[in-house]
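**Student:** Input: one structure, supplied below.
The values are calculated or read from the model by the stated rules, or taken from the named source; none is laboratory data. Just so it is clear, the structure is predicted and the values come from calculations on it, not from any experiment. Every residue, glycine among them, receives a Cβ derived from its backbone with ideal geometry; neighbour counts consider all protein chains shown.
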Amino acid sequence: LWEALHAARAAHPETLAILDDLRDHADFLRPYDLIERMLTRHEGRRRLLARLGPEAEDGIDALLAQAMTYEGRAVSSLTGFLVWMETDEMEIKRQMDSAGDRIRVMTVHGAKGLEAPVVILPQAGKWNAPAAPAIVIHEGTPFWRGNKDEMPGALATAAETGQAAQLAERDRLLYVAMTRAEKWLIV
């Protein structure tokens, strides 16, 4: 991605300038300061709010608070902060504002933990089985998926297990989506 961005430098000069600036400062700025630089100097806060609306404020503030918390617990580095964030179990959720005449379009993942008076699940009855993954993982080793008839028994079993896991995840997400409605669920 980085190479592709550099190759298309003329088409995206502002993006490249921002990323170059952040890379130049990533080694010596604390994570909080780097995020704050992105939010203020490069107008990240304004851009996020323009794109996502005022409710994005909570997420931005939570990210800054996480950076401060991390810096109080460990020797600050951007890599350390990213690893810490990835392994942290914290989730930020806001209850949907039922006041106001707004429609909110969300993914099931984004709606986890939230409720709304009315939830509409479009195309809930129309579902195509997930495509079989091109890669099969067997005992931690990735294998290229061949034809079903040519696949060794252990790989065929691993492929079936992966397919079953996809179906189980689909059912879990359907359950999550259906339980978001406070009053009406329209399917």
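**Student:** Considering each residue of the stretch 85-127, count those that are charged (D, E, K, R), modelled with pLDDT of 70 or more and closer than 28 Å to residue 32 by Cβ, and give that number.
**Tutor:** Number satisfying all stated conditions: 3.
**Student:** Also: Looking only at the stretch 29-71, which residues are charged (D, E, K, R) and touching a Phe, Trp or Tyr at 6+ places or on another chain (Cβ under 9 Å)?
**Tutor:** Answer for the stretch 29-71, where residues must be charged (D, E, K, R) and touching a Phe, Trp or Tyr at 6+ places or on another chain (Cβ under 9 Å): 30, 71.
**Student:** Taking the condition of being part of a loop (DSSP other than H, G, I, E, B) and modelled with pLDDT of 85 or more, how many residues in the stretch 140-179 meet it?
**Tutor:** Number of matching residues: 1.
**Student:** Only one of these conditions is not met by residue 28: (1) part of a loop (DSSP other than H, G, I, E, B); (2) within 30 Å of residue 174 (Cβ to Cβ); (3) at pLDDT 85 or above. Which number is it?
**Tutor:** Tallying (1) part of a loop (DSSP other than H, G, I, E, B); (2) within 30 Å of residue 174 (Cβ to Cβ); (3) at pLDDT 85 or above, residue 28 fails exactly one: (2).
**Student:** Something else: Go through the stretch 13-24 and give me each residue that's surrounded by 15 or more Cβ atoms within 10 Å (Cβ to Cβ) and either closer than 23 Å to residue 74 by Cα or among the polar types (S, T, N, Q) (or both).
**Tutor:** Once the filter is applied, which keeps residues that are surrounded by 15 or more Cβ atoms within 10 Å (Cβ to Cβ) and either closer than 23 Å to residue 74 by Cα or among the polar types (S, T, N, Q) (or both), the stretch 13-24 yields only 22.
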